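Q: Here it is, the structure, as structure tokens.
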Amino acid sequence: MDISFASKRILVTGAGQGIGRELALRLSKCHGTVIALSKTKEHLETLKKEDPKIQIITVDISDWDATRKAIKGVLPIHMLVNNAAVACLHPFLELTQEHFDLTMNVNVKAMFNISQVVAAEMIRLKYPGSIVNVSSQASTTAIKDHAVYCTSKGAVDMLTKSMALELGPHKIRVNSVNPTVVMTAMGKLGWENPAKAKTMLDRIPLGRFAEVNEVIDAIIFLLSDHSSMTTGAMLPVDGGFLAA
Ligand code: NAP
């Protein structure tokens, strides 16, 4: 895809490592002005070293007020990728209140908070915007030891649809990408063990996990005008997992 994001200010959350980091680098190569947000300062500093054009913000997005303040400091934003998330993987009966609160705060409540601040300013300035939420195949299929993660991603899909409904009249599109396993730090947490990985690979018709670039391509498509009539959609990047 030959896509230019010149003159666009694009906020990527969870840009310190994994999918978000590679996405920030790619969007910058596509001439976007990238604002990379993450929790760990050192991760963002190495990103800035790799591409000095990228602007960085360190904030823990589970802190509602600090996050709102940080986001207000980088407005206006034309495009937003809500990518940051955590995965607390334990059997249902062993999950604690702390696991539940952390997961819902980072994966859902922060997405709501950040999107609200960004979208309000898009509307005020009459910017047609695009928001992509990073969900998962786990939003619609239960996966062992993923109860609270699956719950959070189910909420992400519904938040995506609700935002699409209410922001559409303002020409702001909102979609999600729903990847299968990707071998980032988070992916390794659940699937590094080959025997465990096989149980998932056996359920994926294409017989492999997704590459970071395959998820990024889907996000870039949804951010760009190539998807100008698409909003409220959940785009699987799952090798057919959800079809099987
Ligand atoms: P990752 O490698 O673990 O990276 C997650 C990023 O989110 C990190 O940069 C981390 O920050 C940031 N983050 C976590 N908590 C935060 C907080 N409280 N405040 C600010 N930033 C925070 O994960 P990934 O695999 O790239 O995942 C990216 C997205 O894809 C997530 O939404 C995930 O649910 C989704 N996904 C992943 C997979 C997979 O198998 N990997 C599959 C489906 C969907 P620091 O680096 O700064 O600490």
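Q: Return P(r) of the range 81-121 (all Cα-Cα pairs; 10 Å bins starting at 0; whole %; ordered from short to long distances).
A: Reading the bins upward from 0: 28, 43, 21, 7, 0.
Q: Taking the Cα centre of the chain as origin, sum charge times position over the Cβ atoms of Lys and Arg (+1) and Asp and Glu (-1), and report the length of that vector in debye to the nearest 20. Walk me through the intermediate numbers first.
A: Values: 26 positive and 23 negative charges, 112 e Å.
Charge dipole of the chain: 540 debye, to the nearest 20.
Q: Additional query: Given H placed on each backbone N at 1.01 Å, which residues far from Ala15 in sequence or on other chains put an amide H within less than 5 Å of it?
A: Leu37, Ser38
Q: About its Cα centre, how strong a charge dipole does the range 98-209 have in debye, to the nearest 20, once Lys and Arg get +1 and Asp and Glu get -1 at the Cβ?
A: Working: 13 positive and 8 negative charges, 71 e Å.
About 340 debye.
Q: To continue, here is another question. Springs between alpha-carbon pairs under 10 angstrom, Gaussian network model over the chain: which of Phe209, Phe92, Phe112 fluctuates most?
A: It is Phe92.
Q: Tally Lys and Arg at +1 and Asp and Glu at -1 over the other residues with C-beta under 11 Å from the C-beta of Ser228: what net charge comes out? Can you show the working numbers first?
A: Numbers: positive: Lys171, Arg173; negative: Asp225.
So the surrounding residues net to +1.
Q: Which of Leu23, Leu37, Leu165 moves most in a GNM of the chain, Cα contacts under 10 Å?
A: Leu165
Q: Express the relative contact order of the chain as a whole percentage, based on alpha carbon pairs under 8 Å and six or more residues apart in sequence.
A: Working: 474 pairs, mean separation 42.9, N = 244.
Normalised by residue count, the contact order of the chain is 18 percent.
Q: Magnitude of the Cβ-charge dipole of the range 1-88, K/R +1 and D/E -1, about the Cα centre, nearest 20 debye?
A: Values: 13 positive and 9 negative charges, 48 e Å.
So the magnitude is around 240 debye.
Q: Moving on. Can you give the direction-averaged projected area of the convex hull of the alpha-carbon atoms in the range 38-188, in nm²? Present the calculation step by step, with values, prior to reporting the outcome.
A: Numbers: hull surface 38.1 nm².
Here the figure is 9.5 nm², rounded to one decimal.
Q: Based on the alpha-carbon gyration tensor of the range 139-226, what equivalent-ellipsoid semi-axes (square roots of 5 times the eigenvalues) come out, in whole Å, largest first? Show your work: numbers first, answer last.
A: Values: eigenvalues 159, 54, 19 Å².
Three semi-axes, in Å: 28, 16, 10.
Q: To the nearest Å, what is the center-to-center distance of the range 78-101 and the range 214-242, using C-alpha atoms only?
A: 22 Å
Q: Would you mind checking the pairs Lys72/Lys188; Lys48/Lys144; Lys48/Lys69; Lys49/Lys171; Lys49/Lys126 and listing those with alpha carbons more than 26 angstrom apart?
A: On the way: Lys72/Lys188 34 Å; Lys48/Lys144 37 Å; Lys48/Lys69 22 Å; Lys49/Lys171 35 Å; Lys49/Lys126 34 Å.
Violating the 26 Å Cα-Cα cut-off are Lys72/Lys188; Lys48/Lys144; Lys49/Lys171; Lys49/Lys126.
Q: Still on this model: Trypsin sites (Lys or Arg not before Pro) within the range 3-65: which are DSSP loop residues with at most 16 other Cβ atoms inside 10 Å?
A: Sparse-neighbourhood loop trypsin sites (Lys or Arg not before Pro): Lys53.
Q: Rounded to the nearest whole Å³, what is the per residue volume of the convex hull around the Cα atoms of the range 177-244? Before the final figure, lay out the partial values.
A: On the way: hull volume 6.0 nm³, N = 68.
Once divided by residue count, the hull of the range 177-244 is 88 Å³.
Q: Something else about it: For the range 106-244, what relative contact order do you get, as a whole percent, if you take Cα pairs closer than 8 Å and at least 6 residues apart?
A: In percent, rounded to a whole number, it is 29.
Q: Further question: Report Rg (one decimal) and Dmax (nearest whole number) for the range 116-171, counting Cα atoms only, units Å.
A: Considering the range 116-171 through its Cα atoms, Rg and Dmax are 14.0, 45 Å.
Q: Can you list residues from other chains, or at least 5 along the same chain, whose modelled amide H is less than 5 Å from the amide H of Val174?
A: Close amide H contacts, sequence-distant or interchain: Ile131, Gly232.
Q: Could you work out the mean projected area of the convex hull around the alpha carbons of the range 1-119, in square nanometres to one decimal? The partial results should precede the final answer.
A: Working: hull surface 32.3 nm².
Spelled out: convex hull of the Cα atoms, projected over all directions, averaged, 8.1 nm².
Q: Take each uninterrupted DSSP H stretch in the chain, measure its Cα extent along the helix axis, and return the ones at 15 Å or beyond whose mean Kyte-Doolittle hydropathy is at least -0.5.
A: Working: long enough: 18-29 (17 Å, -0.03); 110-124 (21 Å, 0.91); 147-167 (30 Å, 0.57); 212-223 (17 Å, 1.97).
Sorted by number, the helices that extend far enough and score high enough are 18-29, 110-124, 147-167, 212-223.
Throughout, read-outs are computed from the coordinates displayed, never taken from laboratory work. No experiment lies behind these values; they were computed from the predicted model shown. Here the Cβ is made from the backbone with ideal geometry for all residues, glycine too, and neighbour counts use every protein chain on show.
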